[in-house]
1. Hey, fewest Cβ within 10 Å first, where do 128, 169 land in order?
2. Rg(Cα) of region 100-184 divided by 2.2 N^0.38 Å?
3. Quick one: compute the contact order of region 44-186, relative version, from alpha carbon pairs under 8 angstrom and 6+ residues apart, as a percent.
4. Would you mind counting up the charge near residue 155? Only other residues with Cβ under 12 Å from its Cβ, with Lys and Arg at +1 and Asp and Glu at -1.
5. Find how much the distance from residue 167 to residue 58 grows on full extension, using 0.36 nm per residue of separation minus their present alpha carbon separation; answer in nm with one decimal.
6. Count the net charge of all other residues whose Cβ sits under 13 Å from the Cβ of residue 115, scoring Lys and Arg as +1 and Asp and Glu as -1.
7. Roughly what % antiparallel, to the nearest 5, for the DSSP beta bridges in region 44-186?
8. Restricted to Cα positions, what overall size does region 44-186 have along the principal axes? Three whole-Å values, descending.
Amino acid sequence: MKKKLVPILAAILLSTERMYLRPEQLPFKVMMVSAIIALSSLVALPLSAAASADEIIRAKAVSIVDGDSISAVINQELVRVRLAEVDAPEGNQPFAIDSRQSLHDLCFWVEAELSSISKDYYGRMLAKVKCNAVNVNAEQVRRGMAWVADQSVKDGELVQLQEEARAAKRGLGSYESPVPPWEWHSRGWHSQRSWSGPSMKK
C-alpha cells in the first residue's frame, strides 16, 4: 500500500514546487508523467542501509523542504533528508526564501547521491548530498545560503567556505547581523515577516 502511494505523494510534492519552475524547464504536465515513470523504475534500496555511514545511496530529489532539507525517494519511499553539518534559514527568517530557492536550483528533480549518512536526535536522516556532482552542503555555505551548524563540525572545508562567504558578503554575509536558526528560535522571532534580503551572489 505504501509503495502504491509514492506516485501520488510525488505528484503532490511536484505541485508544491510548480511556482519554482523556470520557463526553460519541462512543462509541468510532462514532469508529472515523468514522475510516475521514474518512481516506478527506481532501483530498490533498503532503508536499513541509511544507518551505515559508509553507504552511498542514490535517490530522486522530488521536493525541496527548505535550504537544508530535501524529500527524496529511496526504495519507493519518501524520506526527509537533511544536509549534514549545515543549518539554513527557515520559516520567517531573513534569506529563508533565497536559501530554499538556491537548493531548489541545485537539486530539484535530479538524482541525488547521499553519503556519510547518520541520524539526528529526532531520527531524521543526515547526509552529505551531491546533486549533479556538486556537494550541495558545501555549496549552500559557499553561496552564503546556510551556516555551518553550531555543533562540532568535522569538515574544516565548511568553516573555510563560511568565512569566505562572509568576507565576500555573499548571501547571509551581506546582511549586517544574520541570526542563525538556533538563535532565531530561542529569541522567539518566529512571527516576524520573512525578508529575502539582497539578490544572491554566486
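Rule-based calculations on the coordinates, nothing more; no lab input. This one's a predicted model, so the numbers in the text were calculated from it and none came from an experiment. Don't worry about glycine lacking a Cβ; one is built from the backbone with ideal geometry, like all the others, and counts go over all protein chains shown.
1. 169, 128
2. Relative to the 2.2 N^0.38 Å estimate, region 100-184 comes out at 1.12.
3. 24 percent
4. Local net charge: 0.
5. Net length gain for the segment: 35.8 nm.
6. Residues near residue 115 contribute -2 overall.
7. 90 percent
8. 47, 30, 28
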